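Following: one structure in structure tokens, then a few remarks.
Computed from the coordinates by the stated procedures, all read-outs in this text should not be read as laboratory data. Here the structure is a predicted model, which is why all the values come from computation and not from measurement. Ideal geometry is used to build each Cβ from the backbone, glycine not excepted, and the neighbour counts take in all protein chains shown.
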Amino acid sequence: MNDDVRIDPWGSSQSTDYSRMIEQFGLQSMEGVEVPSPSRLHRRGIIFAHRELDLVLESKRKGEPFGVLTGLMPSGKMHLGHSMVIDQVKWFQQQGGDITIAVADLESTATRGISLAEGRKIAAEEYVANYAALGLDPQKTTVYFQSQRSIVQRLGFQLGKRTNLSEFEAIYGFDGATNLAHVQAPLVQAGDILHPQLEEYGGLRPIVVPVGIDQDPHLRLTRGLASKTNWFNVNDAKMGLQVGVSVQDENSAALGVQPDGRIDKERQKQVFASIVDTVSGLGFSDIISNPKHGTVNIPSATTRDKGSIRMALLSLERKMGGMGLLAPSSTYHRFAVGMTGDKMSSSKPKTTLFLSDDIASAEKKIKKSFSGGKSTIEEHRQLGGNPDIDVAYQYMMYFFEEDDAYLAEINEGYRAGKILAGEMKQLCIDRATEWLNDLAEKRDETSHMINEFFE
Ligand code: TRP
């Protein structure tokens with residue numbers, strides 16, 4: 001038996017073997033990645049992995065635009081776990097990104113049996129109301145419905161051509177019995193993720209997708225789909241970088257390949273001249289064009305130049321009539337556990353803290369939560385507790401406690417047996433009370449803004 005991890009975005013369990021996932025799915029670790037003004041989730045390693053975040057950080061550094069796209073499934077109440085994506089979004093917003101949020105009402109209808117009308121109501125009352133309260137700026141955020149942006153559906157449909165059932169089987173573990181809603185939903189999600197770079201939605205720029213790790217299969221799919229449409233690929237070569245020209249049904253005429261396979265030499269010359277022009281426009285002088293092999297080499301370019309060369313060639317592709325889609329970047333947060341120590345889920349209300357919970361029920365849930373303390377006080381005093389599995393401590397770390405120094409203090413105190421399990425719960429209850437009250441107040445103050453988020 002192989003013990004590979006499979007991530008099922010619709011499943012009810014979730015692996016927490018994060019280093020395993022990084023390795024198996026080719027994610028990049030966030031360790032050692034310097035981000036400006038790191039948020040609580042960055043500082044504590046909760047945002048643990050990414051794909052090509054450097055493209056986004058580079059844009060930010062140069063003062064160039066970048067976008068953020070994420071989505072929500074309108075199928076139940078918003079819980080604390082959902083707020084982590086919004087924390088990520090908020091951070092990107094502070095860094096200057098423009099924000100687009102998809103309400104996955106089509107996915108929710110197809111996979112959860114929620115009507116479009118219900119989905120609309122849930123999105124506004126449960127999610128967007130809390131986004132406003134959590135501090136997203138409605139002037140810089142657009143929320144739309146999948147069912148109402150035909151472009152995302154059209155893109156999804158078009159991109160379907162670039163994949164097949166075998167790939168879905170490999171990525172998602174589908175088989176012959178799989179409901180086709182689970183085939184359609186990822187394609188629409190690919191449309192969600194890619195459409196902000198179309199001209200009418202802001203044009204070519206890096207787009208980052210902040211999500212929980214459960215959504216990575218969709219990113220793998222989408223990144224593959226985008227790359228397969230690209231006319232020009234940039235790869236490492238023995239010396240420097242190499243641009244490869246990818247001839248496809250859609251672009252063969254534009255690239256000078258005639259229907260009978262013969263080459264239109266004049267056209268081909270123009271194409272390669274355009275590539276050379278584009279690359280030299282970036283400041284490279286030593287450029288070796290080899291139309292016969294379909295390649296252009298740039299010996300002096302380094303891996304660091306890849307991003308800018310790619311962007312310039314995507315622009316060229318667009319001018320020549322192609323889609324010029326840049327594969328999305330992404331960042332991933334770990335999952336906070338539910339009150340029992342398992343996955344947090346809207347369908348298990350007793351073990352999940354909702355953003356609309358009243359203080360009494362939050363208190364009750366925290367009191368009953370899984371503890372990392374020892375079974376007797378003497379034992380605890382002697383051996384200490386384990387904050388790594390203590391839900392109350394985890395919630396302080398993930399959600400309620402901003403102050404790193406104080407967090408470290410209670411971590412040590414707990415380990416040393418100075419803080420008892422019940423005391424840790426009380427600390428968490430105090431902070432949770434403050435946090436939930438504050439959020440409820442903000443929800444009242446910002447309720448008039450809800451409509452401004454929708455397109
Ligand atoms: N599938 C996501 C979920 O289950 C929702 C979603 C739809 C989404 N489109 C997206 C997430 C685009 C990120 C990006 O929660």
Note down, for segment 156-280, the three equivalent ellipsoid semi-axes (square root of 5 times each alpha carbon gyration tensor eigenvalue), biggest first, whole angstrom. 32, 19, 15
Exposure-ranked with fewest Cβ neighbours within 10 Å first, W435, W231 stand as W435, W231
Give me D54, D175 sorted ascending by neighbouring Cβ count inside 10 Å, so fewest comes first. D175, D54
quick note, the chain, DSSP beta bridge pairs, % antiparallel (nearest 5) is 50
Residue-normalised 222 nm signal for the chain, counting each DSSP H run of n ≥ 4 as -39,500 (n - 2.57), nearest 500 deg cm²/dmol, is -13000 deg cm²/dmol
Given an 8 Å cut-off on Cα distances and at least 6 residues of separation, report the relative contact order of segment 253-321 as a percent. 26
5 angstrom amide H check on G341, placed H, neighbours 5+ away: F370
Of K228/K269; K77/K343; K60/K319; K228/K306; K364/K442, which pairs sit farther than 20 Å apart, going by alpha carbon to alpha carbon? K228/K269; K60/K319; K364/K442
Give or take rounding to whole Å, what are the principal axis extents of the alpha carbon atoms in segment 232-319, in descending order? 39, 23, 18
Length gained if M239 through D137 is fully extended, taking 0.36 nm per residue and subtracting the Cα-Cα distance, is 32.1 nm
Working from the pairwise distances between different alpha carbons, so that the mean of 1/r is found and then inverted, what is the chain's Kirkwood radius in Å? 24.1
For the chain, with +1 on Lys and Arg beta carbons and -1 on Asp and Glu, the positive-most of M449, T376, V257 along the dipole: V257
Charges on Cβ only, +1 for Lys and Arg, -1 for Asp and Glu, centred on the Cα centroid of segment 295-359; of S346, L314, S356, which one is farthest towards the dipole's positive end? L314
Taking the Cα centre of the chain as origin, work out the dipole magnitude from +1 charges on Lys and Arg Cβ and -1 charges on Asp and Glu Cβ, in debye rounded to 20. 820
Can you find, among Y172, G63, Q394, the residue sitting farthest towards the positive end of the charge dipole of the chain, where Lys and Arg contribute +1 and Asp and Glu -1 at Cβ? Y172
List every residue whose amide H lies under 5 Å from the amide H of F145, counting only residues 5 or more places away in sequence or on a different chain, with H placed 1.01 Å from N in the peptide plane. V103
When the Cα centres of segment 361-390 and segment 107-135 are compared, how far apart do they sit, in Å? 35
Quick numbers on segment 349-444, Rg and Dmax over C-alpha atoms in Å, give 13.6, 47
